[in-house]
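What follows is a set of notes on a single structure, which appears directly below.
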Amino acid sequence: MKKILCGLLLSGFAFSAHAVPIPFEFVGGSLSATGTFALGEYNPNSGYALLDEGQSQSFVFGSVEVLGFGHGELTLTVNFVNPTEVGVGVHGPYSVVATILFNGGEWSGGSTDFSYTYNGYSGTARLTFDPIQESCYLCWPKFDFVGTITNLGSSSLPSLPVPEPATLSLLGLGLIGTGAALRRRGSR
């Protein structure tokens, strides 16, 4: 009997330590910038990643074609729909030069952490965008924003205790009755 109980306890601990894959799904997002910054076209992408604790996946969040020039602060916002509906923004300084002879751009990229909840689990993830530093002569400036989602870890949410005094009372009365019947049978 002790072996069975020990086995059940150990299997319970093993199950609770099992990593739960979390589906990170996003449907594009938005791009905004301060300063003089003209966009010819901006194409946001959607994506999906099923990540265990500690896993990462990279993706191309979107691409932008640039007209004009300027510098300031650029913000990319990813609209997540799974595991939780949240907009996550990453921002950093940028500079763009888009002329007839020379085109170039720089963006510092950056990262941000955000919380999620999914199917009874709560955790933290990180969204990181690679910096951009591109230049070319006599070409049309187009920049891809490459990002990475990392699942930093999740844990099960505490379950709330449900009081059931009536059920426990009936169980107790049944055990007392069974004990009394066995005792009466044994005294004969």
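The largest-to-smallest principal axis extents of the Cα set in the stretch 37-135 are 55, 20, 19 Å.
Scanning residues 5 or more positions from ASP52 or on other chains, those with amide H under 5 Å from its amide H are ILE22, with H placed 1.01 Å from N in the peptide plane.
Here the Karplus curve 6.51 cos²θ - 1.76 cosθ + 1.60, taken at θ = phi - 60°, turns the phi angles of the stretch 83-94 into couplings of x, 9, 7, 8, x, 10, x, 10, 9, x, x, 9 Hz, with x standing for Gly and Pro. If R0 is 30 Å, the Cβ-Cβ spacing of GLU25 and LEU101 corresponds to a FRET efficiency of close to 0.10.
Counting only protein heavy atoms and a 1.4 Å probe, the stretch 64-163 has 54 square angstrom of accessible area per residue.
Can you give the FRET efficiency for TYR42 and THR124, using 1/(1 + (r/R0)^6), R0 = 30 Å, r = Cβ-Cβ distance, to the nearest 0.05? Write out the running numbers ahead of the final one.
Working: r = 29 Å, r/R0 = 0.96.
Efficiency for this residue pair is about 0.55.
Taking the empirical scaling 2.2 N^0.38 Å for compact globular proteins as reference, the stretch 15-94 has a Cα radius of gyration ratio of 1.37. Sequence-ordered 3J(HN,Hα) estimates for the stretch 101-106 from the Karplus curve with 6.51, -1.76 and 1.60 and θ = phi - 60° stand at 8, 9, 10, x, x, 9 Hz, glycine and proline given as x.
The values are calculated or read from the model by the stated rules, or taken from the named source; none is laboratory data. Just so it is clear, the structure is predicted and the values come from calculations on it, not from any experiment. With ideal geometry, Cβ positions are generated from the backbone for all residues, glycine too; neighbour counts draw on all protein chains shown. Remember, those area values only see protein heavy atoms, side chains included, never the ligands or the DNA or RNA. Shrake-Rupley method; radii C 1.70, N 1.55, O 1.52, S 1.80 Å.
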